[in-house]
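Notes to accompany the following structure.
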Amino acid sequence: MTIKVAYYPGCEAKTVNEAADEATRKVCERLGVELIELKDAGCCGSMDMRITSPDVAQVLSGRILALAEATGAYKLFTICNTCAFNLVDAASRYNKNEKERQTLNRVLGESGRAYKGTVDVITLPWLLIRLVGYAAVRDALRKNISDLKIAPFYGCHMTRPKTHYGFEHPMKPTSIDILIREFLDGETVDYPSKALCCGFHTLLTEERVSYLSIGRVLKNAVDNGADCVVTPCTQCVVALDVYQGEAVKEINGKFEIPILHLSQLVGLAIGIPKEELGFKKHIVSPMKLMERKGA
Amino acid sequence: MELGEKIEVTLFRYDPSTDKQPRYETYEVPHRSKMRVLGALESIAEEQGVEFAFRYYCGNNRCGTCGVKVNGVPVLACWEPVQPRMVIQPLDNFTIVRDLVVNLDELREAIERLNPRIVRKKAYPGFPENITHEEMKHVFKLMDCIECGLCTSACPAVSVVGLKEFAGPAAYVKLAMKVLDPRDEGERAHQIVDNGIFCCTSCLRCGAVCPQDIDPFQDAIEPLKRLSVTQEVYKHSRAYTAFEEAIAESGDVNPTVLVRKIKGLKMVTELPKGLWMLAKGILPIKQPPNPGLDEIKKTIEAARRQE
């Protein structure tokens, strides 16, 4: 049976982190997940529009939920944690509260749309663990990745706020560790920063805070023996990879470590050629590491 | 866990006046009915006669003095159920006084800096004042704050810049309680910005640890950031307004367009990075137009009318 999900890649996956989008599409195709892309969807407003116009931002997310509902898929899948947060925040407002939904529908009605309140928002670990499932991922495994020492980095908005999710512990998440170790037979390193923040949302305002945050996560991963960091969020990839140079300089470090989107790692393990997983589109290239480890 | 089953408790021990570095000691305590972390600490101190510093007062999630870290997560010792194996450490982001006790005066100082009192310009109209439930609804939840400091200890921004530069989520909860109060007429924007609110990286860890289920980020920090951005007191307010502008113009947010909007001519300083990104094929110069753009514009207009 094919699993159908509405697919909302988010702005980073359409621009700086296209690699994650490419890899996600390949992985889903291989695992029998049909992605119905919401081409008409726009930005969810990120954390910025929540500040300037919170109500308009929620309507934009509400519109994305309505687009997802119209596909008949009933699960809305995104590969960006902050998109997931805004969408899940809107869903928690519009799915349960009829009055709020009526307000939304008055706005959406002007474009001939309506939202009935049926959409669930999911992220990549959720899709793989809950929808695709252990057996199907195991069947698809083609490559041994156990030589790689992987530091899972969860990011913030996939597990918090605790009132909106329920998939895992908001301070001690485990899904990506389980995915890598149990589903993909890979090796993870344990390090204290995995549920901290990548600092993405202050990159254009308080750079130093971002660089120190990025630097801490990366140094912590390297100090614990990691070869690469894997995250389910496109914004985390951008912060940790694209701004790695500045961050490492800020903490007076001397190292570099490749950052992969979770979809790229899964793609690697299920035998999708590296050329199709966007491995060239990184600032810190993972290619050398892959060659060294024969992955 | 069965009653009487052994719980393994590893305690953080450190006296800064005599010890060069912290050490850990492990004890076993029998599990009891409805046992909390504080019960396990009490058992080690009272029944096994171990002398170590920990602090508590009310024992029922109200006084906020018994915060510790259990297996890496900040909790109130009196309210957190025991786990079969626990590593108990002092809260992060505060100076350690001894063992599990941290200096919460640092939290009070951060709160004091924000002067969380109602400031009036007009004369006090007398009691009771004319306020409604609707006006107070955002404030009521914040009033549950017991100043335990768990949120501030969990804050990754405080841990990189320190409490002096960023007063932390707890202090902003106390401030928001007054700012969002209809009786407050203080001009707060500078105070909000100067105490580092924009160091907050929006990670939401504060709300994940609050024993009173307050969400300091959504209930306090976001409204206060909003106030400073709408009054354009924050020097980077443009970064926020530019974001909304970008969405209204093109539906999506292209980082290159956003940086150009924010930095204007100063964007040249980003040139080396831009070229490097270009070489790696990740610099988005032009993006295909969003097919839903007309509808997005219409939706934004309609939503603004509703506001």
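Here, each number is a calculation from the coordinates, and none is a lab measurement. Note that this is a predicted model, so its numbers are computed, not measured. Every residue, glycine as well, gets a Cβ built from its backbone with ideal geometry; the counts of neighbours run over all protein chains shown.
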**Item:** Selected residue (criterion: nearest to A:VAL132 (Cα to Cα)) from residues of the stretch A:14-33 that are among the β-branched types (Val, Ile, Thr) and part of a helix (DSSP H, G or I)
**Value:** A:VAL27
**Message:** All but one of (1) touching a Ser or Thr at 6+ places or on another chain (Cβ under 7 Å); (2) surrounded by fewer than 20 Cβ atoms within 10 Å (Cβ to Cβ); (3) closer than 24 Å to A:PRO192 by Cα; (4) not aliphatic (A, V, I, L, M) hold for B:PHE94; state the number of the condition that does not hold.
**Reply:** (2)
**Fill in**
Out of (1) touching a helix residue (DSSP H, G or I) at 6+ places or on another chain (Cβ under 6 Å); (2) outside any loop (DSSP other than H, G, I, E, B); (3) of a type in the set (Ser, Thr, Tyr); (4) within 9 Å of another protein chain (Cβ to nearest Cβ), the one B:TYR172 does not meet is (4)
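Let me confirm something: among A:LEU76, A:LEU128, A:LEU124, which residue is under 24 Å from A:GLU29 (Cβ atoms), in contact with a strand residue (DSSP E or B) (Cβ under 6 Å, 6 or more places away or on another chain) and of a type outside the set (Val, Ile, Thr)? Full working, then the answer.
Values: A:LEU128 fails: in contact with a strand residue (DSSP E or B) (Cβ under 6 Å, 6 or more places away or on another chain); A:LEU124 fails: in contact with a strand residue (DSSP E or B) (Cβ under 6 Å, 6 or more places away or on another chain).
The match here is A:LEU76.
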**Request:** Please report, ordered by residue number, the helices (runs of 4 or more DSSP H) entirely within the stretch A:69-162 with at least 1 residues that are within 26 Å of B:CYS210 (Cα to Cα).
**Result:** A:81-94
**Request:** Just name the residue that is surrounded by the most Cβ atoms within 10 Å (Cβ to Cβ) out of those in the stretch A:1-41 that are within 7 Å of chain B (Cβ to nearest Cβ) and in contact with an Asp or Glu (Cβ under 7 Å, 6 or more places away or on another chain).
**Result:** A:CYS11
**Message:** Among the listed residues A:VAL230, A:VAL238, identify the single one that is assigned to a helix (DSSP H, G or I) and β-branched (Val, Ile, Thr).
**Reply:** A:VAL238
**Request:** Filter the stretch A:191-224 down to residues that are within 11 Å of chain B (Cβ to nearest Cβ), assigned to a loop (DSSP other than H, G, I, E, B) and either hydroxyl-bearing (Ser, Thr, Tyr) or in contact (Cβ under 8 Å) with a residue 12 or more places away in the chain (or both), then give me how many there are.
**Result:** 10
**Evaluation of A:CYS44 against (1) more than 8 Å from every other protein chain (Cβ to nearest Cβ); (2) in contact (Cβ under 8 Å) with a residue 24 or more places away in the chain; (3) closer than 30 Å to A:LYS274 by Cβ (one fails), failing number** = (3)
**Request:** Could you run through the stretch B:192-218 and say how many residues are in contact with a helix residue (DSSP H, G or I) (Cβ under 8 Å, 6 or more places away or on another chain) and either small (Gly, Ala, Ser) or under 23 Å from B:GLU232 (Cα atoms) (or both)?
**Result:** 15
